[in-house]
Amino acid sequence: MKHVTTLEELTTALAELPRPIGFVPTMGFLHEGHISLARRASEECASVVASIYANPTQFAPDEDLETYPRDIPRDKAMLEEAGVDVVWIPTTEVMYPAGYQSWVTVEDVTKPLEGARRPTHFKGVSTIVAKLFNAVRPDKAYFGQKDAQQAVVIKRMTQDLSYPIEIVVCPIVREPDGLAMSSRNTYLNAEQHQAALSLSQGLKLAQAAFEDGERDANALRQIVIDRVNAEELTDLQYVSCAHPDTLEELEGDVNRCLISMAVFVGETRLIDNVLLE
Ligand code: AMP
């Protein structure tokens, strides 16, 4: 596996790769969730490029950019093992050179859910993903359903800006106890980890109710709220029952919906979701 930093090094490395090229963007401190994307890319594509970059413009000033966990040697070993050919680890000088002032904004689908609580987040995400796409020019790009709204935003941007890239969304990878894998799980102590299980358990209860015929959006939301609020260490930010494509909040009977949520456990903000259909 080649490790490249600058745009020139990347371009040289890309010239040698057979197509189709699969691309897996990450912020590093990798786990099985990220690796599932890299494996899928390596099954479906002749070459795989991954990037590791904790993009500062998608973190608000009060968020965890400074403390975001890092372990590049371990990440590189995991990517190599998963079949990645080139890992691009740009610096901020490469991604945002002095005088930087250009942005990609996606409108309606960035407004609710995460966008309502993190108002600058998706402007950072869409801009960095556009820049990564421009540099890597992949045939396919792999994202996780874990960040459900991000996947919707990236699909929208790809279509709207005419990128000739197929977006592949891969299922959420969970710990054996149900906790959705996240680089941020490393912040949780044992007690907080236990409390954090209420996210996936709440979603499972809502899914079971849906499978038993519950269709009311409010009732489905309430099942998740009650499970999370039963834990002392959780501080629920939102539970949504929304249209999976438009992300508009739903009321009354639903046939297809995305139940998604954000919960603070101590200082750590966790998200999780399930698609019911
Ligand atoms: P991140 O490093 O958090 O920016 O994540 C990089 C990519 O991995 C994104 O497309 C995420 O949605 C995806 N991802 C993160 N956690 C998981 C998970 N538990 N299961 C599947 N994909 C994930």
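The values are calculated or read from the model by the stated rules, or taken from the named source; none is laboratory data. No experiment lies behind these values; they were computed from the predicted model shown. Because the Cβ atoms are built from the backbone with ideal geometry, glycine has one as well, and the counts that use them run over all protein chains shown. Calculation scope for accessible area: heavy atoms of the full protein, side chains included, ligands and nucleic acids excluded. Shrake-Rupley method; radii C 1.70, N 1.55, O 1.52, S 1.80 Å.
Is there any pair linking a residue in segment 160-189 that is under 23 Å from SER260 (Cβ atoms) to one that is open to solvent by 80 Å² or more (accessible area, probe 1.4 Å) and assigned to a loop (DSSP other than H, G, I, E, B), with Cβ under 8 Å and at least six apart or on different chains, and which?
Here the result reads TYR187/GLU267, each pair linking segment 160-189 to a residue that is open to solvent by 80 Å² or more (accessible area, probe 1.4 Å) and assigned to a loop (DSSP other than H, G, I, E, B).
So how many residues does segment 116-141 have that are surrounded by fewer than 20 Cβ atoms within 10 Å (Cβ to Cβ) and among the polar types (S, T, N, Q)?
2
Confirm whether LEU79 is in contact (Cβ under 8 Å) with a residue 12 or more places away in the chain and within 14 Å of the ligand (Cβ to nearest atom). Steps first, please.
Numbers: in contact (Cβ under 8 Å) with a residue 12 or more places away in the chain: yes; within 14 Å of the ligand (Cβ to nearest atom): yes.
It is true that LEU79 is in contact (Cβ under 8 Å) with a residue 12 or more places away in the chain and within 14 Å of the ligand (Cβ to nearest atom).
Taking LEU197, is it under 28 Å from GLU63 (Cα atoms) and touching a helix residue (DSSP H, G or I) at 6+ places or on another chain (Cβ under 7 Å)?
Working: under 28 Å from GLU63 (Cα atoms): yes; touching a helix residue (DSSP H, G or I) at 6+ places or on another chain (Cβ under 7 Å): no.
No: the conditions fail for LEU197.
For segment 232-239, does any single residue satisfy the condition of being over 19 Å from PHE143 (Cα atoms), part of a helix (DSSP H, G or I) and among the charged types (D, E, K, R)?
Keep residues of segment 232-239 that are over 19 Å from PHE143 (Cα atoms), which gives 232-239.
Subsequent filtering for residues that are part of a helix (DSSP H, G or I) retains none.
Taking every residue of segment 232-239 in turn, none turns out to be over 19 Å from PHE143 (Cα atoms), part of a helix (DSSP H, G or I) and among the charged types (D, E, K, R).
Quick one: in segment 142-159, which of the residues that are open to solvent by less than 20 Å² (accessible area, probe 1.4 Å), in a helix (DSSP H, G or I) and in contact (Cβ under 8 Å) with a residue 60 or more places away in the chain is nearest to GLU32 (Cα to Cα)?
Here the answer is ALA148.
Looking at segment 194-227, which of the residues that are within 23 Å of THR268 (Cβ to Cβ) and basic (Lys, Arg) is most open to solvent (accessible area, probe 1.4 Å)?
Looking at the filtered set, the residue picked out is LYS204.
Could you check, for segment 56-68, whether at least one of its residues is under 20 Å from VAL129 (Cα atoms) and surrounded by 21 or more Cβ atoms within 10 Å (Cβ to Cβ)?
yes
In this structure, does PRO244 turn out to be within 16 Å of the ligand (Cβ to nearest atom), open to solvent by less than 60 Å² (accessible area, probe 1.4 Å), under 30 Å from GLU44 (Cβ atoms) and out of contact with any helix residue (DSSP H, G or I) (no Cβ under 7 Å at 6 or more places or on another chain)? Full working, then the answer.
Values: within 16 Å of the ligand (Cβ to nearest atom): yes; open to solvent by less than 60 Å² (accessible area, probe 1.4 Å): yes; under 30 Å from GLU44 (Cβ atoms): yes; out of contact with any helix residue (DSSP H, G or I) (no Cβ under 7 Å at 6 or more places or on another chain): yes.
For PRO244, the condition - within 16 Å of the ligand (Cβ to nearest atom), open to solvent by less than 60 Å² (accessible area, probe 1.4 Å), under 30 Å from GLU44 (Cβ atoms) and out of contact with any helix residue (DSSP H, G or I) (no Cβ under 7 Å at 6 or more places or on another chain) - is met.
Might you let me know whether segment 59-71 holds any residue that is at pLDDT 95 or above, away from the ligand (no atom under 13 Å from the Cβ) and over 26 Å from VAL153 (Cβ atoms)?
No.
If we keep just the residues of segment 101-115 that are touching a residue at least 60 places away in the same chain (Cβ under 8 Å) and assigned to a helix (DSSP H, G or I), which is surrounded by the fewest Cβ atoms within 10 Å (Cβ to Cβ)?
ASP108
Is there any pair with a first residue in segment 53-73 that is free of Cβ contacts under 8 Å to residues at least 24 places away in the same chain and a second that is surrounded by 18 or more Cβ atoms within 10 Å (Cβ to Cβ) whose Cβ atoms are under 6 Å apart and which are 6 or more apart or on different chains, and what are they?
LEU65/PHE59
Could you please give the count of residues in segment 35-47 that are open to solvent by less than 30 Å² (accessible area, probe 1.4 Å) and touching a residue at least 40 places away in the same chain (Cβ under 8 Å)?
First, the residues of segment 35-47 that are open to solvent by less than 30 Å² (accessible area, probe 1.4 Å): 35, 37-38, 41, 45, 47.
Still in the running and touching a residue at least 40 places away in the same chain (Cβ under 8 Å): 35, 37-38, 41, 45.
Residues in segment 35-47 being open to solvent by less than 30 Å² (accessible area, probe 1.4 Å) and touching a residue at least 40 places away in the same chain (Cβ under 8 Å): 5 in total.
Of all residues in segment 168-189, which are within 12 Å of the ligand (Cβ to nearest atom) and touching a strand residue (DSSP E or B) at 6+ places or on another chain (Cβ under 6 Å)?
Listed by number, the residues that qualify are VAL168, VAL169, CYS170, ILE172, ARG174, ALA180, ARG184.
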